[in-house]
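Q: There's a structure below that I have some questions on.
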Amino acid sequence: MSFFKNLIFKQLKKTVHKRILDNLNEAILLFDRDLSLLYINTAGEVLLADSARHLVGLSAYELFKSSDSALLINLLQCLSMEEPLVDRELTLDIMKQNITINFSATPLLKNMELSEILVEMQQVDNHLRISKEEQILTQQNTARLLVRGLAHEIKNPLGGLRGAAQLLDLELNDPDLKEYTQIIIAESDRLQGLMDKMLGPNKLPNKKTLNIHEVLERVRQLVQAEASGSLTIKSDYDPSIPNIQGDKDQLIQAILNIVRNAVQAIESKGEILIRTRIHRQMTIGRKRHKLTAQIDIIDNGPGINPDMMNQIFYPMITGRAEGTGLGLSIAQSLINQHGGLIECHSEPGNTVFTIFLPLEAHHDQA
């Protein structure tokens, strides 16, 4: 009986250890004496942009051949000296993208002999990105409060102005004079509509289970129907993305605002790509999500002026003379209400708006 108890205990212990390792934020890699990879946790798969099935068995020379030479030097030094070491701000090359990491290697001994090397890698860029995201959310909330206060202050006298113009219109018999009161009423209504837009979404999302690709296809069809000229809208969807909980109308509005913004940027004469992927281990604000849906809206236009990049989600900020500067602000508000975030990266010929939407907890366990 004790044999079976010990067996069950060992199995449970093994399962708990795996759960702990797979839920760490840091990448954990285990190498043998020949520097062949024996184990990699989930964070490591995300960092190296590949699955454990493909990575386990590869040598450190293959994994880090294009990266900072200090990575291999540190591993060889740890192997020869059998002492732990730490190095900071090393460059890891993943699919031709440079990632900055902090690195530590610890020799594991068995019967007084080195058996494996435990490597921990922490992406430093992640902290910078999280700080930037928190700044975006803080700026968005601050701007929203200021605009709401301003809009309410304008709406009150605006209502009185419109009411007075209506009363005056009833008293006038001269059609020429009535024309002026009608202009006042029409302009009051236009300003009222602008104030409503500035106030942003005025109701909480009515969330239901939906397929994000249905939303994206609806947006693509709407924009394609509106567009003139030689505009091409392509799609690249990941069918493995599970259903999300969201308000279909609000998500359509948010994504439509971004895609229309891209159409205006390229003046209906370029190409837009709508792409979806699953993004793992994503932190939004102060909450970490194991699984998020990533939606990229990419255009090949002239790009966004670098001086405006930190302000594009502010209301009333626009690079177009005829624009209101409310589209991106409203889109960010709607996505925020879904627990998500919009980021932007832009350079001439490649502007990318990325929407992150958390997936439900039961998907995280998959």
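Q: If you stretched the chain out fully between SER228 and LYS287, how much longer would it get, using 0.36 nm times the residue separation minus the C-alpha to C-alpha distance?
A: 17.1 nm
Q: Rounded to the nearest 0.05, what FRET efficiency do SER80 and ASP22 give with R0 = 25 Å and r taken as the Cβ-Cβ distance? Could you check?
A: 0.20
Q: Find how many whole Å separate the alpha carbon centroid of segment 48-100 from the alpha carbon centroid of segment 207-259.
A: 39
Q: Testing the spin-label approximation: label points 7 Å from Cα along Cα→Cβ at ASN305 and SER240. State their distance in nm.
A: 4.3
Q: Hey, any idea what % of segment 17-113's accessible area is carbon plus sulfur with a 1.4 Å probe?
A: C and S atoms contribute 51 percent here.
Q: Per q in 0.21, 0.22, 0.26, 0.30 1/Å, what log10 I(q)/I(0) does a Debye calculation on the alpha-carbon atoms of segment 36-89 return?
A: -0.90, -0.97, -1.17, -1.22
Q: Report the equivalent ellipsoid semi-axes for segment 59-104 in whole Å, largest first, defined as the square roots of five times the eigenvalues of the gyration tensor built from alpha carbon atoms. Could the numbers behind the result be given before it?
A: On the way: eigenvalues 76, 31, 7 Å².
Ellipsoid semi-axes (Å, largest first): 20, 12, 6.
Q: Also: Just check segment 159-292 against the gyration tensor rule for me: Cα atoms, a ≥ b ≥ c as the square roots of the eigenvalues, rounded for a/c under 1.5, and otherwise prolate or oblate depending on whether a/b exceeds b/c.
A: Numbers: a/c = 3.60, a/b = 2.01, b/c = 1.79.
Since a/c reaches 1.5 and a/b is larger than b/c, the shape of segment 159-292 is classed as prolate.
Q: Once you have the Cα-Cα distance between LEU204 and ASP93, take 0.36 nm times their residue separation minus that, and quote the gain in nm to one decimal.
A: Working it through step by step, the gained length comes to 35.7 nm.
The values are calculated or read from the model by the stated rules, or taken from the named source; none is laboratory data. This one's a predicted model, so the numbers in the text were calculated from it and none came from an experiment. Reconstructed Cβ throughout: ideal geometry from the backbone, glycine too, with neighbour counts over all protein chains shown. Side chains included, ligands, DNA and RNA excluded: accessible areas come from the protein's heavy atoms. Shrake-Rupley method; radii C 1.70, N 1.55, O 1.52, S 1.80 Å.
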